Ligand SMILES: [Zn+2]
Ligand SMILES: [Zn+2]
Ligand SMILES: [Zn+2]
C-alpha cells in the first residue's frame, strides 16, 4: 500500500483528509467508533501520553516523576521537560505554548523519527480504546447471556409449575368423575333393588291376590 495515497475518509473532528489512510485512526468512545487524524487523536487524549517523548502512561500522575500543564490536562515526564526542574516549575505543554502547534507534521519526503513516534502513540491509543470497547462488549455479552440463562430457568420453572397444576386439576377432575360414576352405579343398584322389591311385592300381592 502506498503510504501517501490520500485517505478516502476525512477526520471526524477537524475535517482534514489525511495524506494517507495510516494517519487516520479509529477511536471507540462510549460504544461509538469515530475516525480521527493523528493530531486530533492526541489533542483529545492529552494526559495519556508525554507530549515530549510520546510514551503512553500506564500509571497515574506522580508529582516526583510527572508535570502537569498549567493550562490543560497534558502530563509530561519531568525528565523530558527539564531534568532539574523544581517541584513548583510551571509547565506549559507544546500545544498550549503555541496556538498553531500540531502534534503530527509530515511532508511528502517521508516520516521522520519524531513523526514515527507520534504516529505510534496515536495508533496505540486507538488500539487501547478498541481493546477497552471489545472488553466492554464481551462483558455486556456475558451479562446478557447470564440474564438469558436466568430467564430460561424461570421459564422452565413456570412450565413445571403449570404442568403440576394441570396434573393436579386433571387428578381432581378424574376423582370427581369416579365419584360421579360410583354414585350413579349406586343409584342404578338402588333403582334395581327398588324395582326388584316392587316386583316381589307385586308378585307377593299377586300371590296374595
Ligand atoms: Zn483531525
Ligand atoms: Zn516523556
Ligand atoms: Zn497544555
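Could you run through the stretch 35-63 and say how many residues are more than 16 Å from ligand 2 (Cβ to nearest atom) and surrounded by fewer than 16 Cβ atoms within 10 Å (Cβ to Cβ)?
So the answer is 1.
Have a look at 204, 150 and point out the one that is modelled with pLDDT of 65 or more, surrounded by 10 or more Cβ atoms within 10 Å (Cβ to Cβ) and over 30 Å from residue 20 (Cβ atoms).
That would be 150, the only listed residue that is modelled with pLDDT of 65 or more, surrounded by 10 or more Cβ atoms within 10 Å (Cβ to Cβ) and over 30 Å from residue 20 (Cβ atoms).
In the stretch 39-54, what residues are under 11 Å from residue 117 (Cα atoms) and more than 13 Å from ligand 3 (Cβ to nearest atom)?
If the condition is that a residue be under 11 Å from residue 117 (Cα atoms) and more than 13 Å from ligand 3 (Cβ to nearest atom), then 53, 54 are the ones that fit.
With the checklist (1) within 16 Å of ligand 3 (Cβ to nearest atom); (2) under 22 Å from residue 127 (Cα atoms); (3) more than 31 Å from the chain's Cα centre (by Cα) in hand, flag the one item residue 20 doesn't pass.
(1)
Exactly one of (1) without any contact (Cβ under 8 Å) to a residue 24 or more places away in the chain; (2) under 26 Å from residue 33 (Cβ atoms); (3) more than 16 Å from ligand 1 (Cβ to nearest atom) is unmet by residue 112. Its number?
Result: residue 112 fails condition (2) only.
Does residue 122 satisfy the criteria of being within 15 Å of ligand 1 (Cβ to nearest atom), under 18 Å from residue 50 (Cβ atoms) and not in a loop (DSSP other than H, G, I, E, B)?
Spelling it out, residue 122 is indeed within 15 Å of ligand 1 (Cβ to nearest atom), under 18 Å from residue 50 (Cβ atoms) and not in a loop (DSSP other than H, G, I, E, B).
Which members of the stretch 34-69 meet the condition of being without any contact (Cβ under 8 Å) to a residue 24 or more places away in the chain and in contact with a strand residue (DSSP E or B) (Cβ under 8 Å, 6 or more places away or on another chain)?
Listed by number, the residues that qualify are 34, 57, 61, 65, 66, 68.
Given the conditions (1) surrounded by fewer than 20 Cβ atoms within 10 Å (Cβ to Cβ); (2) farther than 30 Å from residue 141 by Cβ; (3) within 16 Å of ligand 2 (Cβ to nearest atom), report the number of the one that residue 124 does not fulfil.
Among (1) surrounded by fewer than 20 Cβ atoms within 10 Å (Cβ to Cβ); (2) farther than 30 Å from residue 141 by Cβ; (3) within 16 Å of ligand 2 (Cβ to nearest atom), residue 124 violates only (2).
Exactly one of (1) part of a helix (DSSP H, G or I); (2) within 16 Å of ligand 1 (Cβ to nearest atom) is unmet by residue 151. Its number?
All conditions are met except number (2).
The values are calculated or read from the model by the stated rules, or taken from the named source; none is laboratory data. Since this is a predicted model, take the numbers as computed values, not measurements. Here the Cβ is made from the backbone with ideal geometry for all residues, glycine too, and neighbour counts use every protein chain on show.
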